[in-house]
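Have a look at the structure below before the remarks.
The values are calculated or read from the model by the stated rules, or taken from the named source; none is laboratory data. The structure displayed is predicted, hence computed values, not measured ones. When we count neighbours, we look across all protein chains shown, and the Cβ atoms used for this are built from the backbone with ideal geometry, even at glycine. Heads up: the accessible areas ignore ligands, DNA and RNA and are worked out on the full protein's heavy atoms, side chains in. Shrake-Rupley method; radii C 1.70, N 1.55, O 1.52, S 1.80 Å.
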Amino acid sequence: MKNHAVKLTVAALLLLPNLAFADSHYASIQQFLEAGHVTGNIRSYYFNQIFSGSALPNKYAYSLGGMLKVESAPLYGVSAALAFYTANSLGANDVKAPDYTHLDALLMGEKDSLNVLGQAYLQYQNCWLQVKAGNILLNTPWMNPSDAFMIPSTFQAVTVTVTPFKNLQVIGLREFRFKNRIQGNYYRETLLNQNPLYPHMPDHMDGTLAFGVKAHWQGWRSTAWYYRFYDLANLFYGTVHYGVSGLPDGLKPFADFQYAREWADGAQYAGPVNATIFGGMVGLQTPVGQIFAAYNAVPSHSPFSMGGRTLYNGGFISPYTQQYSADPLYTSIMDYGLVSASAAGHAWKFGFLLHPLQSLRIKYSYSMYCTQPYLPNVDANYLDLTYTPGGFWKGLSLRNRLAIDHSNPYGGYQGTFIDDRLMLQYAF
């Protein structure tokens, strides 16, 4: 299937204009082509990691690139799309093998250039059904694009989304291969293949089967998901949200709850997984933003050894987000969280998200990750600033994300870790 999706999509893009002429919706091939869409972005990204109080060398990375996506107009509900991504260091990065001493490989790997055909799919859609197949983006809690670098994670998969009622959506998906943010091709692997905790992970995984339900009614919103990560684990995940509206001054209190239960599957390549996660968040929405407080806990379960380290959290795994801290836990930040820590414990997070100006977004949080005696405790300040001028400059944005962690088990040191990421983007 590795190249079938690309071939089918290219063929569809070539054939659809000829077929469209016979469709009453289009008077000519030109009209059909004009009804298509071309979108994309140009990104300039700079990463900087500073290891204060440690012998570890500071790291950095720069990249310039972007995405160009072509989508055909629908013909009897059928459409096709291709998306090309590129990232280029312009010679600015330390790519001197074998040590790559000062390279932050998270941004675009150990290469000077990365060019990929990230999306290539066919889609059928009507008022209640959408079917998509090929190289696609997935937007589910535990399988998502993690699009915070140059190139998002993409999946070779088939998805079916049914909307039988206005407030109810049912999703099914079967994923076969995965391409992470710094790979050029699709593989039968997950992010666990790059995780040192799992040194014997095979490179021929059978992918994932998942089903989800989303529903909302008045102030209530709920989701339920089941994932079967073949030969790794089964995962049930559910959320409930309730928000109060109609109060004076535009105030809207809200409360959220999340729960995850995971147990081993098949060959158990990630060990005898038997884990639980739960958490909650409360906050207040105002006309200029929100304030919130969040909590998550991973109870200690029967320990087992993986990769030379004893896991006491029941071995909770997230095959497509764990390395990226891109999981949906309320207390996760851009570079840390209980899932990426792979340790039992609990976490608190307090913060706010403000829009003092229409063009300015400010997010701040303070987090505490209490995982002793399994791992050192971590506390972190996180600041996310986004400026979007709008108007003539519509599509332009400047975003800076800064995390300051006191202690961080990733580096195995007891110092202050500063992770700064600056992105300039123009989206069209």
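Things to note:
- Filtering Gly184, Gly134 for residues that are of a type in the set (Gly, Ala, Ser) and modelled with pLDDT under 95 leaves a single hit, Gly184.
- Looking across the range 214-238, the residues that are within 21 Å of Val282 (Cβ to Cβ), without any contact (Cβ under 8 Å) to a residue 40 or more places away in the chain and touching a strand residue (DSSP E or B) at 6+ places or on another chain (Cβ under 8 Å) come down to Gly219, Trp220, Arg221, Ser222, Gly238.
- Considering residues of the range 313-354 that are of a type in the set (S, T, N, Q) and part of a helix (DSSP H, G or I) only, the residue nearest to Ala293 (Cα to Cα): Ser340
- With respect to (1) open to solvent by less than 50 Å² (accessible area, probe 1.4 Å); (2) over 23 Å from Ser146 (Cβ atoms); (3) not in a loop (DSSP other than H, G, I, E, B), the lone exception for Thr310 is condition (1).
- Some residue of the range 409-422 being more than 26 Å from Ala87 (Cα to Cα), surrounded by fewer than 17 Cβ atoms within 10 Å (Cβ to Cβ) and at pLDDT 95 or above: no
- Members of the range 334-353 that are among the hydrophobic types (A, V, I, L, M, F, W, C) and modelled with pLDDT under 95: Met334, Ala341, Ala343
- Residue in the range 382-389 that is outside any strand (DSSP E or B), touching a residue at least 12 places away in the same chain (Cβ under 8 Å) and among the charged types (D, E, K, R) present: no
- Entirely in the range 42-145, the strands (runs of 3 or more DSSP E) that have 1 or more residues that are small (Gly, Ala, Ser), on the phi > 0 side of the Ramachandran plot and open to solvent by 50 Å² or more (accessible area, probe 1.4 Å): none
- Failed condition for His301, given (1) modelled with pLDDT of 95 or more; (2) surrounded by 17 or more Cβ atoms within 10 Å (Cβ to Cβ); (3) not in a strand (DSSP E or B): (1)
- Restricted to strands (runs of 3 or more DSSP E) entirely inside the range 160-251, those with at least 1 residues that are of a type in the set (Ser, Thr, Tyr) and open to solvent by less than 30 Å² (accessible area, probe 1.4 Å) are 208-217, 220-229, 233-243.
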